[in-house]
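The values are calculated or read from the model by the stated rules, or taken from the named source; none is laboratory data. The structure presented is a predicted model; accordingly, all values stated were derived computationally and were not measured. Cβ atoms come from the backbone with ideal geometry, glycine included; neighbour counts cover every protein chain shown.
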Amino acid sequence: MIIFDLDGTLYGFKGGSFKQSGVYKKVLLNTEEYIVDKLQKNKIEAKSILKEILNEYGEKISIGLEEKFKIDRYDYFNTAWDIEAKRYIRHDPRLRRILVKLKKDFDLIVISDAPMIWIKRVLRELKIENLFKKIFSGEGNIRKEFGNAFEEIVKVLKIEPQFCIVFGDQEETDIIPAKKVGMRTVLVNKKTKSSIADYTIKSIQEIEKAIKYLNF
C-alpha cells in the first residue's frame, strides 16, 4: 500500500505555499461570511469572533466554532472550503501516468488534514480522483496533526504497517508519526534531505525511484 499526503506532496501551491497561494485568505473570508450568516452578526463582529478563534485555536477554526458556538464542523467545512482548486494549485500532467502505473501493483491511499470537499476538488483538478482506494480527510478528531491518523489507517484497512510506504512533505506530520507505527517513509522536499525518513526525493515524479531503493 502506498499512502500519499496531498497538499505539498501530490501537487504544489501557486505562490509556493498554502498561505501564499491565496487559499488560506479565501478560507478566512468565507469563514467571516459564514459567521455573519450563521450567527447573525455584522461584518465587524464576525471579524472579531474569527480573530479570537485564531488567537485561541490557531488554524483549528472548525474546532473553535464548534466548542464556542455549537456549530457543526462539517457544515462549516462544506461552506468555508467550497473553493475551486484550479486557480490555486500547480498541475503536473505526468502525475496521473505515474499513479496509473503504480495502481497495477499497489493500493493507493490519500491522507490529508484538509476537509473532504477540498481534497475532492484537488483530485478532480489533477485528474486522479478515480485512482485511490480510500481517502482519509481531516474533518473529525483523527488528523495527522493530532498524531493518530496513521494508526487509523492500519485499523480501518487492516493492514500490517511494514507493508505501507508513506510519501509526504512534512517530517512532523507525515514522516515521524508514520514511522512510529512501523511504516516506511519518503520525504518529498526539493531543498532538504531528511535524516528521519527512510529516503528523500526532490519531487513526486521520483516515486518509482524511491520504491525501487526501498525494495518495496
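Quick one: D5 ticks every box in (1) at pLDDT 95 or above; (2) touching a helix residue (DSSP H, G or I) at 6+ places or on another chain (Cβ under 9 Å); (3) more than 30 Å from E160 (Cα to Cα) except a single one, so which number is it?
(3)
Collect the residues in the range 76-116 that are under 28 Å from N148 (Cα atoms) and either free of Cβ contacts under 8 Å to residues at least 12 places away in the same chain or among the aromatic types (F, W, Y) (or both), keeping them in residue-number order.
Y76, F77, W81, D105, F106 - these are the residues of the range 76-116 that are under 28 Å from N148 (Cα atoms) and either free of Cβ contacts under 8 Å to residues at least 12 places away in the same chain or among the aromatic types (F, W, Y) (or both).
Among the residues of the range 92-133, how many are basic (K, R) and either buried (at least 19 other Cβ atoms within 10 Å of the Cβ) or not in a helix (DSSP H, G or I) (or both)?
So the count comes out to 4.
Kindly evaluate L54 against the criterion of being surrounded by 14 or more Cβ atoms within 10 Å (Cβ to Cβ) and either in contact with an Asp or Glu (Cβ under 7 Å, 6 or more places away or on another chain) or assigned to a loop (DSSP other than H, G, I, E, B) (or both).
It is false that L54 is surrounded by 14 or more Cβ atoms within 10 Å (Cβ to Cβ) and either in contact with an Asp or Glu (Cβ under 7 Å, 6 or more places away or on another chain) or assigned to a loop (DSSP other than H, G, I, E, B) (or both).
Among the numbered criteria (1) surrounded by fewer than 17 Cβ atoms within 10 Å (Cβ to Cβ); (2) touching a Pro at 6+ places or on another chain (Cβ under 7 Å); (3) outside any loop (DSSP other than H, G, I, E, B), which single criterion is violated by F150?
Among (1) surrounded by fewer than 17 Cβ atoms within 10 Å (Cβ to Cβ); (2) touching a Pro at 6+ places or on another chain (Cβ under 7 Å); (3) outside any loop (DSSP other than H, G, I, E, B), the lone unmet condition for F150 is (1).
Looking at K180, K212, which is the one that is at pLDDT 95 or above, over 24 Å from H91 (Cα atoms) and not polar (S, T, N, Q)?
K180
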